[in-house]
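Here the structure comes first, spelled out in structure tokens, and everything after it is commentary.
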Amino acid sequence: MPVSSRSGQQAYVGLGAYVLFALAILAGVSPLWAIPLAGVVAAGVAVPVAALVFRLRGHYFAIGTWIVAEVFRLLASQVSVLGGGSGTSLPAAMVIAIAPSRQLRDFTEYWIALGLVVAVLALIVLLLRSRYGLALKAIRDSELAARCNGVDVFRTKVLVYIVTAFGTAMVGALIFLQKLRISPDAAFSVNDWTAFVIFITVIGGIGRIEGPIVGTVVFFLLRQTLADLGTLYLMMLGLVAILVMLATPKGIWGLVVERFGWQVFPLERRVVFDERSAAPD
């Protein structure tokens, strides 16, 4: 991907979460309806942000997106009606409105999360199999070559950035709906919403849809196994990432593809020649 949607993505996780709490507490909107609305608001915010950050290149772009996330965090900490720097909790009445019992609420949130995963995966597949997906691959390989072949590099990057903001904000809203409490430090956490995501992508496999899925399974297995080790847990995650990068730079799923050729979401494009038109008269 030419657009590093993982750089500073905590900005839209936190934004989506805060939009959900703001709509629920200040406007009385049902938290469940606030999830898609959070995505819409984040997509709207992403338009001027994209116009700003895409003036930067390379490492400056990554730094710029992290600065945007920090600005969002500082702004959230100034909203006193949402608890300021200490945060706030979702009112009990709204929690009960979602479902009368904890078990039923967890059941509802589970199916919403599953539906959101399926929708996001479908959107990614459709995007990558469209002409925009082909343009993204061209931009990844060489922006100059893509531009010379008629690709509108800036518009394509902005489109992907906005779509990413839309999906990330809904995920952030759902995460903090499940937590029932929000604070600036938690909502815009670099470790939780960027560092761990990079880890998941690296060990699973960069450049393939299946990679982050495999990486997520591995990450949660490691977390369940090593979480009681405290600080050593983070060191073990780092060691696993280093070992995977040394053994298979393309990630676990990249190794599977090389060995067995398996693809759950095939996205490659191949040039097919018409033998009849190529044959001499």
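Data table
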{"read-out": "Selection from 69, 216, 195, by position along the positive dipole direction of the chain (Cβ)", "value": "69"}
{"read-out": "Residue 47 paired with residue 123, simple spin-label distance in nm, labels 7 Å along Cα-to-beta-carbon", "value": "1.7 nm"}
{"read-out": "Estimated inter-spin distance, residue 134 and residue 223, nm [label 7 Å along Cα→Cβ]", "value": "3.9 nm"}
{"read-out": "For Rg/Rh (Cα atoms, Kirkwood Rh), calculated from these coordinates, the label among (i) 1.06; (ii) 1.04; (iii) 1.01", "value": "(iii)"}
{"read-out": "Prolate/oblate/rounded label for the stretch 97-214 (Cα gyration tensor, a/c 1.5)", "value": "prolate"}
{"read-out": "Given 12 as the ceiling on other Cβ atoms within 10 Å, longest exposed-site-free region of the chain for trypsin sites (Lys or Arg not before Pro) in DSSP loops", "value": "58-268"}
{"read-out": "Average Cα contact separation per residue, the chain, under 8 Å, 6 or more apart, as relative contact order %", "value": "28 percent"}
{"read-out": "Net dipole in debye of the stretch 141-281 [+1 Lys, Arg Cβ; -1 Asp, Glu Cβ; about Cα centre; nearest 20]", "value": "280 debye"}
{"read-out": "Solvent-accessible area of residue 163 with every protein chain in place, 1.4 Å probe, in Å² to the nearest 10", "value": "40 Å²"}
{"read-out": "Computed label-point distance, nm, for sites residue 63 and residue 236 using a 7 Å Cα→Cβ extension", "value": "3.6 nm"}
{"read-out": "Degrees between helix 231-247 axis and first principal axis of the chain (Cα, 0 to 90, nearest 10)", "value": "10 degrees"}
{"read-out": "Residues in the stretch 53-74 that a label on residue 144 would reach, taking backbone N under 17 Å of a point 7 Å out along Cα→Cβ", "value": "57-58"}
{"read-out": "Nearby lysines by direct alpha-carbon distance to residue 157 (threshold 17 angstrom, same-chain neighbours under 8 apart not counted)", "value": "137"}
{"read-out": "Simple Cβ-charge dipole of the chain, Lys/Arg +1 and Asp/Glu -1, about Cα centre, in debye nearest 20", "value": "220 debye"}
{"read-out": "Gyration tensor (alpha-carbon) shape descriptor, the stretch 1-133, a/c threshold 1.5", "value": "oblate"}
{"read-out": "Residue-averaged [θ]222 nm for the chain, counting only DSSP H segments that reach four residues, each worth -39500 (n - 2.57)", "value": "-23000 deg cm²/dmol"}
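The values are calculated or read from the model by the stated rules, or taken from the named source; none is laboratory data. It should be emphasised that the depicted structure is a prediction, and the values quoted were computed from it without experimental measurement. Glycine gets a Cβ as well: all are built from the backbone with ideal geometry, and neighbour counts include every protein chain shown. Note: accessible area is taken over every heavy atom of the protein model, side chains too, but ligands, DNA and RNA are not part of it. Shrake-Rupley method; radii C 1.70, N 1.55, O 1.52, S 1.80 Å.
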